[in-house]
Amino acid sequence: MADFSIEVIESNLSRMKIPILTLDERYNVVMPDKDKTPAIRKLEARLNNLLKKQGKVTNNIKDVKKIKSRLLQEVVDNMEDDGDENARQKKMDKTQKLIQEAKDKLAELEDLELELPGEIQKANQELLMEFVQVCYARLHSNKDDIELLNKWISETRVELKKKLVIKQEKEMKNSNIYTYMHDLLGPELIQMFDDADSAKK
């Protein structure tokens, strides 16, 4: 018999290409806001925060690269400056320091950029595991409700059939009574009885 432990399931999931759940339209249809458990909300928030962080890191990398490029251009421009050597060296040292800071910041951001996809995948997998458990609980609950509804529909159908038979029998009796009275008393007298009966109502 196959081993269906959580570890085996998670191992299989890690090899699959699972979409980011909070960005997946079908996930949001199956798990509307009103159905979310506190655990689902917490895991979604964590995943969404990591996605925002990834977007911010990407933007920061672009910004730092632009700054670094501008600083390097300043170094080139400064080399061509024929002004005061002392002032030029001071400016060059300051620019070199800023370039080093930009390099360090860039290295830090690029490390973070490499780490984040793994963190996002892990957070997405944790949300998926919770989502599957909630879905199975709902499937079982819905199955129980469906069985009760099927029983009610079946009983109601039987009751409806009985009521339809009673209704048809009464309609037939009324038709027989009225036809016999009509034949027995004639249309004029029956009309008088009909009028008298309507007046009582």
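Counting 0.36 nm for each residue step from Leu23 to Lys143 and taking away their Cα separation leaves a gain of 40.3 nm. Taking the Cα centre of the range 78-197 as origin and assigning +1 to Lys and Arg Cβ atoms and -1 to Asp and Glu Cβ atoms, the resulting dipole is close to 800 debye.
Compared with the direct C-alpha span, the chain from Lys105 to Asn60 gains 15.3 nm at full extension, assuming 0.36 nm per residue. The Kirkwood radius of the range 38-159, taken over pairs of alpha-carbon atoms, gives through the Stokes-Einstein law at 25 °C and 0.890 mPa s a diffusion coefficient of 124 µm² s⁻¹.
When nucleic acids and ligands are ignored and a 1.4 Å probe is applied, Tyr27 ends up with an accessible area of around 10 Å². With a 1.4 Å probe and every protein chain kept in, tell me what percent of the accessible surface of the chain is carbon plus sulfur. So the carbon and sulfur contribution to the accessible surface is 57 percent. Taking a ≥ b ≥ c as the square roots of the eigenvalues of the alpha carbon gyration tensor, the range 152-201 is oblate, as a/c is not under 1.5 and a/b does not beat b/c.
Around the Cα centre of the chain, unit charges on the Cβ atoms of Lys, Arg, Asp and Glu (plus for the first two, minus for the last two) sum to a dipole of about 360 debye. Remark: relative contact order (the chain) = 27 percent; criterion is Cα-Cα distance under 8 angstrom and separation of 6 or more residues. What residue among Leu43, Leu148, Leu116 has the largest mean-square fluctuation in a Gaussian network model of the chain, using Cα springs under 10 Å? Looking only at Leu43, Leu148, Leu116, the biggest GNM fluctuation is shown by Leu148. The residue list Leu114, Leu149, Thr95 was ranked by how far each Cα lies along the charge dipole of the range 43-162 toward its positive end, using unit charges on Cβ atoms, and Leu149 comes out on top. Excluding ligands, DNA and RNA, the accessible surface per residue across the chain is 79 Å² with a 1.4 Å probe.
The values are calculated or read from the model by the stated rules, or taken from the named source; none is laboratory data. Since this is a predicted model, take the numbers as computed values, not measurements. All Cβ positions, glycine included, derive from the backbone under ideal geometry; neighbour counts span all protein chains shown. Ligands, DNA and RNA are stripped out before the accessible areas are found, and what is left, the full protein with its side chains, is counted by its heavy atoms. Shrake-Rupley method; radii C 1.70, N 1.55, O 1.52, S 1.80 Å.
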